[in-house]
Every structure is written in structure tokens, then in C-alpha cells.
Amino acid sequence: MKRTVVLLGWLFVCLLKVRAQNTSRPNILIIVSDDHAYQSIGAYGASYGATPHIDQLAREGATYTNAFVTNSLCGPSRACLLTSKYSNINGFKDNRSRFDPAQPTFASYLTGAGYQTAWIGKWHLKSLPKNFSYFKILPGQGQYYNPVFIDENDQKSRIEGYCTNVITDLSLDWLKNRDTSKPFCLVVGEKATHRTWMPDTADLGAFDHVKFPLPDDFYDSFPNRYAGKVNNMNIAHTMRLGYDLKMKPDTGFGKSGYTRFTPSQQKYFDQYYDSIYQDFKSRHLVGKALTEWKFQRYLRDYYATVLSLDRNVGRIVDYIDKNGLGKNTIVIYTSDQGMYLGEHGWFDKRFIYEQSMKTPLVIRYPELIRPGTRDSTMVMLLDMAPTFMQLAGLKVPGDMQGKSLIPVFKGEHKNFRNEVFYHYYEYPNEHNALPHFGLRTERYVLVRFYTPPRFTEAKKGKLRYPPKDYWELYDLQNDPEQLHNIYEANKRSALVRGLKTEMDKLIVQYKQEDAAAVLAGEAK
């Protein structure tokens, strides 16, 4: 009897130790939006008041002004976030790929270490999550209104409401019903602010009073920049009046969004967009006047869509704080990549240029991060998984290609990273963005555009714009808008030789065999 009591007492002490260990390890909350341009956020200098809650999070934590993605495309960026491996290693190079969810991810490690893990919202990896304690995801891109979700049993259900609000409702339900004896890792995957930028009914017209200034490079003519000239993501010719801007002659909008509305939702949209359409028809716009009208409509819908995104970030962070979780929860707001808001006359992303490759990253963690920090250290979404591992007290796997941000949080970030390697693969695609890889240092961007190996001469002839292999070089100090390709004038310089040497090292480090093959072909 005495031995039994002693054994039970020992077990009780062990359980208390395990519980203490679990509760002392930080919770992890990461909100990943879609195509959210850093330049639309107040913490990054925007002046339109669309992001008060994200800005508040920045005041309470750190704003990282040089956060980068490795492949500026929705699915590939998420795959890199999950695995801390470049696209060529995790197998998800473009949105036509299928992610293997059985491969090691931060979720598999954290779940195995006793964390409750969940992914709620946009997943966009053509597979179902594995190794999460719970998931409820949008199929594909999902819909802004009355979205369908897929659960752990592969069952689909349609939930009435605006997608950003619904994702928050589901996330808060999960937080309220979780096992509070365990630390948690929750990924909130937002659809917003992806094309076609459909605002919540409460936010329709919120920015109609604003006349957005044209970017200085809005009418960029792309001298010596072949890829920029032949791409198909420009507001003037690619942005569709119906599908993108809700003007009814284009039936694309009717097919993809309009028929999903409830009668009440449709009433709000009709009242708002019908008056805009009637005004638009009366103007008979052509040429630059039409292009600039499209630009204003694009940004008014985009920023109105940001409003709901920001409001729901506030709802989730408010829950964390009101339930006493703020001190021991690392809260991360980021996006899968950046977005062009008229720079170079563009929308969309894909390119290595700043507005696409650079993404917002705001992190609050009172244990290590001083409130109001602004940090220009070069960091990457690839660094998220190693950071989570270290926070959880786990060893960072040797095959993860990112680096833990804990030294950055502590201010021990001298020479944390001096350059970033980037590789975009998808071709052909709707936007005719040519595949390329490149190196981005604090001052320079060196880029190689190339023909995908799978394209034979016959296939090239069928493309609207045949690919062309060539280099670009930009000096960000003297040319922050990346308008002047100075490669030809410097191709035999010590500067270019040094950048190519660094690029070669990173190609080996990140096992970029495709890039190595391109350069090997050039050397022949």
C-alpha cells in the first residue's frame, strides 16, 4: 500500500512537471494573409488608415522592413513556410504542383512535441494537411462570400458570411475549445487580399473619397528589361472590368462571385456597384483616362478588402490578450508575398522586384521583443519553422534551410544574413511572368531570366512571347524603383563577378540544380 501511494505521488509530480513544461513553452499564432502589399500598411508608411490593428501590433512588437519570400506565388510560399525548404526541395514549385503533406513540417515536429496544432482558412496546396491536430481549410483559392470549407474527414460544408469573418469565427472557436493544458500553434490562413479584392459589405466605398496618387513609375516603358515589357499583369490591358472591377459586362465576375450572394448581400453589391457602373458608362473613357480609372477602382476595392482583414486580425489578438495569453504567445502577422499596387503599372506579384519579393512581417513576443522595434535585418519566411522549433525547445533539423530568428529578437543579429536567394518557376502562366532566379543583397539585385528546360523550340513558337535568357542588375541605393538595368554596363566588373560568386555559393547551399544547369549552359 505504501509503495502504491509513493508511486502515485511520483506520477503526480511527473504530470505536474509535464504540465508546467507545456504551459511554459510559448503558444504560436501566425496569421498569413494573401497578397497583402507591405506598402498598404500604416506600419510600413501607408497613410490611408486601413490597418489600425496591424499597426497596433507593430507598436507592441517589431516591424521587419526587409522580410522576403523565396518564390512569390501563393502555394509555393506556403510550402516554404511549412517546411523551411526551398521549392526545389519541398517539391512545390508552382501552383500546378501538389504538396506532399506527409513530409516533415513545423506542424509534424510541434504536434509530436505535445503542441495542439491547427490550420484554419486558406491552404492552397492541392492536398489535405497532415500532422495537424485540427484543420478546416478552403478548397483551392476559396470564395469571398459564403465559402466552402473542407474538414479533417474530407467533408465539405458551406458557411454563410464573409470569408475573412468566417475564418476568424472558426479560429476563435478552436481557441476556445482547445486543450488548455497544452501549448498551441495556430495558423490562420486568410484569403484576403487576393484577387478579385471583394470587400465586406460593411466596407464598400470606404475609400471612395481617396484619390490615390499614381506611382512615379506607373507608365514604366521597361527599357533594357525584356521580362517587364512582355509580362501580362498590367492594369492597362490585363485587369478586367468585370472580373476584377465588378463592372457587369464581363461575365467572369458573375460566374465566380456574383451568383454566390444571398439576397441581402446582392442588394448591397448592386446598390454600390450599379451606380459606379452607370457613371463609368457615361464617361466613355479610353487610353490613359481608362487606365487611371481602373487604377483608382483597383485600389479602392483593395484597401476596402484590407479593412476587414485588419479588423479580424484585431479580433484574434484581442482574444489572446483578454484571455491572459499575451505574454506567452508569439503573435506573427505576415503575407505569403507582397503585391504590386500600380508600381510599374502592375498588379499581381511573381517577380523578384521589391513589392513582390518583400512581404510584411510584424511579430509581437514580449518575452524577447522590445515594443516599437523597427528592424532592417534581412529575414525570410523560410525562417519561421526554425524559430518555432527553437521556441518549443526542439532541435532545429539539419535539413531546414532557414535560420531561427531568436538571435534577431535578442538583438544579436549582426551579419544574420547578407543576401537572399530567390527562384520563381511557373511558366507558362496567365501573367506571362518569365521564370528567373536571383540574388538580393542590401544594395544590389542580380537576376537571371531563363527558358524552362521543358520548352522545345516548337513549344516556344506557340507562346505569345517567346522566353529570352538574359541578366538584370539593379543598384537599390541609386535606383530604389528598379527602373535601370545596369547589367550590360557592368557585366565584366568586379561587382558583377563578386555577386555571381555569391550566387554560385547560394545555389550550392540551397541545392538549386535547375539554376546551376542554366548557368552551366551559359558557360558552354
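The values are calculated or read from the model by the stated rules, or taken from the named source; none is laboratory data. A quick note: this is a predicted structure, and the numbers were derived from the prediction, not measured. All Cβ positions, glycine included, derive from the backbone under ideal geometry; neighbour counts span all protein chains shown.
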Strands (runs of 3 or more DSSP E) contained in the range 55-149 and holding at least 2 residues closer than 30 Å to P263 by Cβ: 116-122, 134-138
Whichever residue in the range 142-168 is of a type outside the set (A, V, I, L, M, F, W, C) and within 14 Å of V32 (Cβ to Cβ) and, among such residues, is surrounded by the fewest Cβ atoms within 10 Å (Cβ to Cβ): G142
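Pick from L499, L483: which is in contact with a Leu (Cβ under 8 Å, 6 or more places away or on another chain) and either in contact (Cβ under 8 Å) with a residue 60 or more places away in the chain or buried (at least 16 other Cβ atoms within 10 Å of the Cβ) (or both)?
Residue meeting the stated conditions: L499.
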Positions within the range 180-204 being part of a loop (DSSP other than H, G, I, E, B), touching a residue at least 12 places away in the same chain (Cβ under 8 Å) and not basic (K, R), in sequence order: S181, P183, E190, A192, T193, H194, T196, W197, M198, P199, D200, L204
Failed criterion for P371 (all others in (1) at pLDDT below 95; (2) assigned to a loop (DSSP other than H, G, I, E, B) hold): (1)
Subset tally (residues that are of a type in the set (A, V, I, L, M, F, W, C) and part of a loop (DSSP other than H, G, I, E, B)) for the range 216-234: 3
The range 50-76: number of residues that are out of contact with any Leu (no Cβ under 7 Å at 6 or more places or on another chain), β-branched (V, I, T) and either surrounded by fewer than 24 Cβ atoms within 10 Å (Cβ to Cβ) or closer than 20 Å to V420 by Cβ (or both): 2
The range 402-417, residues that are touching a helix residue (DSSP H, G or I) at 6+ places or on another chain (Cβ under 8 Å) and either assigned to a loop (DSSP other than H, G, I, E, B) or modelled with pLDDT under 95 (or both): G402, K403, S404, L405, H413, F416
Members of the range 341-359 that are in a strand (DSSP E or B) and hydrophobic (A, V, I, L, M, F, W, C): W346
Selection count where residues are surrounded by 15 or more Cβ atoms within 10 Å (Cβ to Cβ) and closer than 16 Å to N418 by Cα, scope the range 505-524: 3
Lone qualifier among D399, D383 - being closer than 24 Å to S77 by Cβ and part of a loop (DSSP other than H, G, I, E, B): D399
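Tell me, yes or no, whether the range 187-200 has at least one residue that is of a type in the set (V, I, T), in contact with a Lys or Arg (Cβ under 6 Å, 6 or more places away or on another chain) and over 30 Å from I28 (Cβ atoms).
no
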The listed residue being surrounded by fewer than 24 Cβ atoms within 10 Å (Cβ to Cβ), at pLDDT 95 or above and within 24 Å of R417 (Cβ to Cβ), out of A79, A43, A102: A43
